[in-house]
Each structure stands twice: as C-alpha cells, then as structure tokens.
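**Student:** Next up is a structure, given as structure tokens.
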Amino acid sequence: MSSELHLPAATAAPSPARKPRVATCSLAGCFGCHTSFLDIDERLFALAEVVEFDRSPITDIKHCGPCDIGLVEGGLCNAENVQVLREFRAHCKVLVAVGACAITGGLPAQRNPLDIGTILRDVYVERTGLAPGSRVPDDPELPLPLAHVHPIHEVVHIDHFLPGCPPSADAIWAFVTALLEGRAPPAGWGAIHYD
C-alpha cells in the first residue's frame, strides 16, 4: 500500500501553520489496536508529515488537547475508563471506535453474565492459596469497576467504527488517510479480520 498521502489543499493545511491533530486512547482491552496502528511502520513517517500527533504511543502525552481525529480502542470496564472517554470525546472533532472491544465490549465483556462482587470475592478472598485475612482491594486510587463492560458508543457519540480484533495496519492506514483526505472511510469486509 502506498505511503504517499494526497490531501486536498483545504484539508492538508487548514491554515499555513496548522496540521490536523490526531490522538489515540486505550481503555479496557489488550492494546492490540494500538499495536496495529504502530504496525503501519514506515508509513508513520508519511503520516507525521501531514499531521501532528497528540496523545498517542508515539508521543506518550497522557492528556489530549484539541484534536481533529481521535482513535479509541477498548471498552469501558471501570469509572476511570468512562471519565477518560468523556474527556477524550470533548477534545476530538471526529471520534473513531477502533476494534471489537470499543465497538462491542470485546473479550473484557465476557464477564458481563457474572456478578462483579462475586468475581472480586472469588479472586481476592475465597481463592485457594491466599494469605489469611486477604480482602478485596479498596484503595481510593483504584478505579471502581462497573457492573458490566460497555462499548463506548453507549456513553459518547461515535462518528465512525473500524471493526476487527485488531483491525490490520493496512485497514487503519486506509481509514485514517481517507478521513484526512476528506473521503468516506472504507467499510469493505475485505479489510476486517479477527486474530
């Protein structure tokens, strides 16, 4: 796949000094979608020529500033995930749910039929081999778990969905470059796969 971007003049440079800003966010998931994003390899250099990266594994910025495109992987399993997602949505003009966990809850949602209180007791209190007096962690620094894992569209508006587990690097590249070029992102089944 070509690494050259052909952006229309209006999209490529909204003003002479400003490139479109792209940010990423990972919630409850395996970080596989971010790995696929990084797997666009040398095309990252072509992308860096036409965008400015905000919060992402490339910059290691923890809080998002105003962005044109935000990519979110992972579902919502705790209160911190919800807070991070709402803040991210507030800073992104276009928000893309990337991967199965963001779109459906993915593998983390496999716990949804179970009671979270029972799970915590089983793991931290009743499991064989635990130290006497073991208890469920309750440090105020720990985010409160949600009763169920939720896909992100249940909490904020999502502009686009990029399915896969994870989406391939080529699918992410095609999706992001289409958005940057002002085109509708590809939605063909050929780019979707689940590993």
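**Student:** Mind checking which residues of region 138-152 are loosely packed, with under 15 Cβ neighbours inside 10 Å and within 22 Å of Thr104 (Cβ to Cβ)? Step through it out loud before you land on a result.
**Tutor:** If we filter region 138-152 for residues that are loosely packed, with under 15 Cβ neighbours inside 10 Å, which is where we start, we get 138-144, 147.
Hits for region 138-152 are Pro143, Ala147.
**Student:** I'd like to know if region 82-90 contains one or more residues that are in contact with a strand residue (DSSP E or B) (Cβ under 6 Å, 6 or more places away or on another chain), closer than 18 Å to Gly29 by Cα, part of a loop (DSSP other than H, G, I, E, B) and at pLDDT 95 or above.
**Tutor:** no
**Student:** Just for region 108-130: of the residues that are touching a Gly at 6+ places or on another chain (Cβ under 8 Å) and in a helix (DSSP H, G or I), which one is farthest from Lys62 (Cα to Cα)?
**Tutor:** Once the filter is applied, the top-ranked residue is Ala109.
**Student:** Okay, next question. Suppose we filter Val94, Val123 for residues that are surrounded by fewer than 18 Cβ atoms within 10 Å (Cβ to Cβ), under 26 Å from Val51 (Cα atoms) and β-branched (Val, Ile, Thr); which single one remains?
**Tutor:** On inspection, the qualifying residue turns out to be Val94.
**Student:** Of the residues that sit in region 174-184 and are touching a residue at least 40 places away in the same chain (Cβ under 8 Å) and more than 17 Å from Ala23 (Cβ to Cβ), which one is surrounded by the most Cβ atoms within 10 Å (Cβ to Cβ)?
**Tutor:** Looking at the filtered set, the residue picked out is Ala174.
**Student:** When you go through (1) at pLDDT below 95; (2) of a type outside the set (A, V, I, L, M); (3) at negative phi one by one for Phe31, which number turns out not to apply?
**Tutor:** (3)
**Student:** Filter region 21-44 for residues that are of a type in the set (Phe, Trp, Tyr) and more than 13 Å from Arg55 (Cβ to Cβ) and give the result. Break it down into steps so the answer makes sense when it comes.
**Tutor:** Quick first cut of region 21-44, residues of a type in the set (Phe, Trp, Tyr) only: 31, 37.
Across region 21-44, the qualifying residue is only Phe31.
The values are calculated or read from the model by the stated rules, or taken from the named source; none is laboratory data. Here the structure is a predicted model, which means the values were calculated and not measured. Please note: Cβ atoms are built from the backbone with ideal geometry, for glycine as well, and neighbour counts cover all protein chains shown.
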